[in-house]
Amino acid sequence: MDPHPDFADVVLPRDFALGTYRLTPLSPDFVDEDFDAVMAAGPLMTGIFGSWPEGLTRADNLIDLAWHEREFTARRSFSWIVRDPSGEYLGCFYVFPTLGRRGHAKAVLWLCEMPDRSGVAQTLQAALSAWLAETLPPGIVITWAIRPELD
């Protein structure tokens with residue numbers, strides 16, 4: 001599997017600190033934790049990935065997580081669990097380079113139900129946007145999809 005051309009020479013960290021948040025790899029190692037979070041947050045993600053996670057099983061989720069890990073290592077798309085300072089699973093962050101097109105990628109952030117969810121999303125988007133700007137090659141346009149949506 002070839003990397004996306006915009007990301008062929010980009011090495012993104014699998015596990016890193018972003019301010020007070022920690023991003024850890026979305027991988028099969030976290031299937032139970034991820035499945036519980038996804039199912040609890042399902043109604044909050046309406047439309048972000050079509051009808052997903054409707055009908056998702058733990059076995060399906062394990063396959064999805066293995067695919068995310070493979071895509072990451074191939075540098076075709078990138079996915080992380082977002083954790084608070086105590087290690088609690090808050091949601092996920094993804095970078096999906098646009099297939100068949102150079103210079104464009106979609107950033108997706110979804111968060112579980114929590115107090116001040118919109119405020120946390122705004123803080124994370126600002127931090128992630130700054131991190132992407134300093135980490136990615138120049139000229140890649142990022143389009144954001146966030147749940148909750150920011151006004």
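The values are calculated or read from the model by the stated rules, or taken from the named source; none is laboratory data. None of the values given here were measured: they were computed from a predicted structure. In this analysis, Cβ positions are derived from the backbone assuming ideal geometry, glycine residues included, and neighbour counts consider all displayed protein chains.
Observations on the model:
- Among the conditions (1) closer than 19 Å to E113 by Cα; (2) assigned to a helix (DSSP H, G or I), E69 misses just one, which is (1).
- E54, sole failed condition from (1) farther than 13 Å from G91 by Cβ; (2) in contact with a strand residue (DSSP E or B) (Cβ under 7 Å, 6 or more places away or on another chain); (3) of a type in the set (D, E): (2)
- Options E33, E113, E88, E134: the member that is closer than 24 Å to D6 by Cβ and among the charged types (D, E, K, R): E134
- Residue under evaluation M1, criteria (1) exposed (fewer than 14 other Cβ atoms within 10 Å of the Cβ); (2) modelled with pLDDT under 95; (3) closer than 19 Å to W131 by Cα, criterion not met: (3)
- The set of residues from the stretch 78-88 being part of a loop (DSSP other than H, G, I, E, B) and touching a residue at least 40 places away in the same chain (Cβ under 8 Å) comprises D84, P85, G87.
- Some residue of the stretch 34-47 being in contact with a strand residue (DSSP E or B) (Cβ under 8 Å, 6 or more places away or on another chain), surrounded by 12 or more Cβ atoms within 10 Å (Cβ to Cβ) and part of a strand (DSSP E or B): no
- R102 satisfies every condition listed in (1) surrounded by 13 or more Cβ atoms within 10 Å (Cβ to Cβ); (2) in contact (Cβ under 8 Å) with a residue 24 or more places away in the chain except (1).
- From the list D6, D32, the lone residue that is touching a residue at least 60 places away in the same chain (Cβ under 8 Å) and charged (D, E, K, R) is D6.
- Breaking point among (1) under 13 Å from the mean Cα position of the chain (by Cα); (2) modelled with pLDDT under 95; (3) not basic (K, R), for L99: (1)
- Restricted to the stretch 57-66, and to residues there that are exposed (fewer than 14 other Cβ atoms within 10 Å of the Cβ) and either at pLDDT below 95 or among the hydrophobic types (A, V, I, L, M, F, W, C) (or both), the residue that is nearest to A105 (Cα to Cα) is A66.
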